[in-house]
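Colleague: Got a structure for you, questions after.
The values are calculated or read from the model by the stated rules, or taken from the named source; none is laboratory data. Every value quoted in this text rests on a predicted model; they were computed, and no experiment measured them. Glycine gets a Cβ as well: all are built from the backbone with ideal geometry, and neighbour counts include every protein chain shown. We work out accessible area using only protein heavy atoms, side chains counted, and drop any ligands, DNA or RNA first. Shrake-Rupley method; radii C 1.70, N 1.55, O 1.52, S 1.80 Å.
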Amino acid sequence: MTAIVVDGLRKSYGAVEAVRGVSFHVDEGEVFGLLGPNGAGKTTIIEILEGYRTRDAGDVTVLGVDPRTGGRKLRERVGLVLQEAAVPPMLSVTELVELYRGYYPSPRPAAEIIELVGLTEKAGERVRKLSGGQQRRLDVALGLVGDPELIFLDEPTTGFDPSARRAAWEVVRNMRTLGKTIVLTTHYMDEAQYLADRICVIAAGLVVAQGTPETLRAGTDQVTHIRFELRNGVAVATLPLKARIEGGVAIIETATPTRALNELTTWALAQGLELPNLEVARPSLEDVYLELTKNE
Amino acid sequence: MSSTGIALRQVSFEQRSFWRNPASAFFAFLFPIIFLVVFATLFKGQRVQIGSVQTSYDDYYIPALVAFGVMGACFTNIAITLSLRRDNGILKRLRGTPLPPWAFIAGVVGSSIIVSIVLALLTTVFGILVYGVHVPQHIGAAAATIGVGALAFCALGMAMTIVIPNAEAAPAIVNGVFLPIVFISGTFFPVASTSILAQIAEWFPVRHFINAMFTAFDPAHQSGSGFNGTDLLMMAAWGAGAVVLSVLRFRWEPRKS
C-alpha cells in the first residue's frame, strides 16, 4: 500500500516557483527522508501534504485522501511535529498530553507516550520549566499521542545534543516497528542514513535524486577515495597513480578501488615505504548530498 | 466526546493557563482593582452629572470599571494571547490536530467570560462594601449587558489579531488602540455627551458599554428596565462586524517575513 502519492506537484508564491513539478511516493510502513537545502521547497511540499497550503497543480493523496479536503477525518490519522512550534507553557507534561489525547478518537495512554519520549521523570513538571530539548521531545509526544498511521517529523532533532539525538532516533525506530509511516526532513545526513528507508533529495523545487541511502551513495559518478599522508619525502610525481594533494594528504579518486589499492601498496612495499594514515572511503551520504545540491 | 464536552475541556485548559500565568492574571485582574482604588480614592465624595442624572462619582465609576474589566479580560487578553500563540506556532500546531476551530474559539471565549464575571462581581462587591455604591438596580440587565459586551469584545480581540504583525508589537498596538478610546469614552471620569470627545467616542463601542452598565446599575432609579437598546445594539454591531472579519481573515500561522 502507498501512504502518500505526489504527482507533478507545483506551487508558486507570486513570481517565485517554489515547487516545480515534484513526484514521489511513500510506502506504508517506511521511513521516508525528504532532504534539501533551505529554500529548496521541502517545507512547501511538507506543508501541502500536512494540509496547511494549497497547491497550484498536480495530484496529491495522503492516506488515500486529498489533504486539501481531508479535514478533521484525515487529521485524526496523521501526527505532526512541526519545525518551529512552542508548547503551551503553563500546563504540566501530563496535563498537556491528556489535553491532546482528548482531540483524537483512539489515543495511546499518556504514560506510555511520555515514557516513549523519555520524559517520565518530568511528567509532573510545568512545560516552561523544561529544557529546549525536553520541550522538543514533548512536541514529538504530542505528534504521536493520537496513535497516527502517518507521522510528519520536520527537523525533529535540530538543537539536540548527541545523546538526545540518539534517543530520538530510537523513538523513530520504535514507531517504525509499530508499522507507522514516517516522513522525515532533516539537515543531518547521519540521521537520514540511520533512519530513512528511502530518501528524496529536493533542490530548487525539483527532485534531484531518489532511492535508498545505499543506492544514492552508489550513484554512477561517485568514486571511492583513497587517502594517505604524504610524508617521508615522497614526491607526488613518483606515485604510481594520479593523485591530488589537499593539506598534505594525497587523495586518489578511483572507480576501481581494489585494483588501485593493490597498485599503490605494491609500489609502497617495493619502495619500503609505510603510507601514514591510509584510508579507503566510499563517499558518505553527505558527500553525495553536497554534490547533488551544489548549485543551490 | 460530545461537542459540549470538547468545548468545556478547552475552557478548563484556558482557565488553567490564565490563572497560572502571573502576567495575564495581573493585567486582566489586579489592574482594574488597582484603578478602582486609585480613582475612587481620588474622586471620593464628588458628584457627577450623567445626562439628566446627578450621582456620586463612585456610583458612576463602579459600573464603568466593570465594563473596563470585561474589556480587558476579553479584548486585550484575547488579542495579546492569541498573537503570542500564533507567533510561536501553538495555533499552527493546534490547527493540525482534529480539534475543531470552533471548539478552540469556544474555549478562549468561555474562559474570558468566566474571568469577566469574576471580575464584575469582585468590582461590584468591593464598590458596595468599601465605597458605599448602590446595589445594582437591574441584576438581569447587568448580566445581559456583561454578556453582550463580553461576546462583542472577545470578537473584537480576535479581529484585532488580524492587524497585529507579530507578538512583540501586540501589547503596543492593542493598548495604543484601546486606551485612547477608553479615556475619551469616560471610563475613569464622565465625559459630557455634548463634548467633541464624547461625540467621537459615540462611534466606538466602549462608551456604549459603559452607558449600558450604568443604565443597568441605575443608582438614581430612572430606568424602567435597566436596558438601553441603542447601547446594546451598537456593541452588538461592532461584535458582529468583528466576527465577520475574523471568519474571513483570522490567521493561525505566523506572518512570513
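Colleague: Just name the residue that is least open to solvent (accessible area, probe 1.4 Å) out of those in the stretch A:90-113 that are more than 8 Å from chain B (Cβ to nearest Cβ), of a type outside the set (A, V, I, L, M, F, W, C) and over 24 Å from A:Lys73 (Cβ atoms).
Modeller: A:Ser92
Colleague: Tell me, yes or no, whether the stretch A:42-51 has at least one residue that is at pLDDT 95 or above and open to solvent by 50 Å² or more (accessible area, probe 1.4 Å).
Modeller: Within the stretch A:42-51 (the criterion being at pLDDT 95 or above and open to solvent by 50 Å² or more (accessible area, probe 1.4 Å)), the answer is no, since none of the residues qualifies.
Colleague: Hey, does the stretch A:127-136 have a residue that's among the basic types (Lys, Arg) and more than 13 Å from every other protein chain (Cβ to nearest Cβ)?
Modeller: Within the stretch A:127-136 (the criterion being among the basic types (Lys, Arg) and more than 13 Å from every other protein chain (Cβ to nearest Cβ)), the answer is no, since none of the residues qualifies.
Colleague: What single numbered condition from (1) over 22 Å from the mean Cα position of the chain (by Cα); (2) surrounded by 19 or more Cβ atoms within 10 Å (Cβ to Cβ); (3) facing chain B (nearest Cβ under 10 Å) fails to hold for A:Arg55?
Modeller: Exception for A:Arg55: condition (3).
Colleague: Write out, first by first residue and then by second, each pair whose Cβ atoms fall under 7 Å of each other, whose residues are 6+ apart or on separate chains, and whose first residue, in the stretch B:179-203, is without any contact (Cβ under 8 Å) to a residue 60 or more places away in the chain while the second is surrounded by fewer than 17 Cβ atoms within 10 Å (Cβ to Cβ) and assigned to a loop (DSSP other than H, G, I, E, B).
Modeller: Pairs found: B:Ala198/B:Ala192.
Colleague: Select from the stretch B:1-29 the residues that are open to solvent by 60 Å² or more (accessible area, probe 1.4 Å), over 19 Å from A:Arg126 (Cα atoms) and more than 8 Å from chain A (Cβ to nearest Cβ) and list them in ascending order.
Modeller: Answer for the stretch B:1-29, where residues must be open to solvent by 60 Å² or more (accessible area, probe 1.4 Å), over 19 Å from A:Arg126 (Cα atoms) and more than 8 Å from chain A (Cβ to nearest Cβ): B:Ser2, B:Ser3, B:Thr4, B:Leu8, B:Phe26, B:Phe27.
Residue-wise test of (1) at the interface with another protein chain (Cβ under 9 Å from one of its Cβ atoms); (2) over 21 Å from B:Arg16 (Cβ atoms).
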residue: B:Ala67; (1), (2): no, yes
residue: B:Met71; (1), (2): no, yes
residue: B:Ile80; (1), (2): no, no
residue: B:Asn88; (1), (2): yes, no
residue: B:Arg93; (1), (2): yes, no
residue: B:Gly96; (1), (2): yes, yes
residue: B:Pro100; (1), (2): yes, no
residue: B:Ser112; (1), (2): no, no
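Colleague: It is to be established whether one or more residues within the stretch B:41-49 are within 14 Å of chain A (Cβ to nearest Cβ) and of a type outside the set (Val, Ile, Thr).
Modeller: So far as the stretch B:41-49 goes, no, none of its residues is within 14 Å of chain A (Cβ to nearest Cβ) and of a type outside the set (Val, Ile, Thr).
Colleague: Only one of these is among the acidic types (Asp, Glu) and either more than 17 Å from the chain's Cα centre (by Cα) or under 24 Å from B:Gln15 (Cα atoms) (or both): A:Glu170, A:Glu84, A:Glu155, A:Glu149. Name it.
Modeller: Details: A:Glu170 fails: either more than 17 Å from the chain's Cα centre (by Cα) or under 24 Å from B:Gln15 (Cα atoms) (or both); A:Glu84 fails: either more than 17 Å from the chain's Cα centre (by Cα) or under 24 Å from B:Gln15 (Cα atoms) (or both); A:Glu155 fails: either more than 17 Å from the chain's Cα centre (by Cα) or under 24 Å from B:Gln15 (Cα atoms) (or both).
None of the others qualify; the one that does is A:Glu149.
Colleague: Quick check on my filter: what residues within the stretch A:194-212 are open to solvent by 50 Å² or more (accessible area, probe 1.4 Å) and more than 26 Å from A:Ala18 (Cα to Cα)?
Modeller: A:Tyr194
Colleague: Residues being exposed (fewer than 14 other Cβ atoms within 10 Å of the Cβ), over 17 Å from the mean Cα position of the chain (by Cα) and part of a helix (DSSP H, G or I): count how many of those fall in the stretch B:221-257.
Modeller: Residues meeting the conditions: 6.
Colleague: Somewhere in the stretch A:154-177, is a residue part of a helix (DSSP H, G or I) and within 14 Å of another protein chain (Cβ to nearest Cβ)? Walk me through it before giving the result.
Modeller: Start the filter on the stretch A:154-177 by keeping residues that are part of a helix (DSSP H, G or I), which leaves A:162-177.
Checking the rest, the ones that are also within 14 Å of another protein chain (Cβ to nearest Cβ) come to none.
Taking every residue of the stretch A:154-177 in turn, none turns out to be part of a helix (DSSP H, G or I) and within 14 Å of another protein chain (Cβ to nearest Cβ).
Colleague: Suppose we keep only residues that are closer than 19 Å to A:Gln134 by Cα and touching a residue at least 60 places away in the same chain (Cβ under 8 Å) within the stretch A:159-190. Which one would you say is surrounded by the most Cβ atoms within 10 Å (Cβ to Cβ)?
Modeller: A:Val172
Colleague: Taking the stretch B:119-166 on its own, how many of its residues are hydrophobic (A, V, I, L, M, F, W, C) and in contact with a strand residue (DSSP E or B) (Cβ under 9 Å, 6 or more places away or on another chain)?
Modeller: 1
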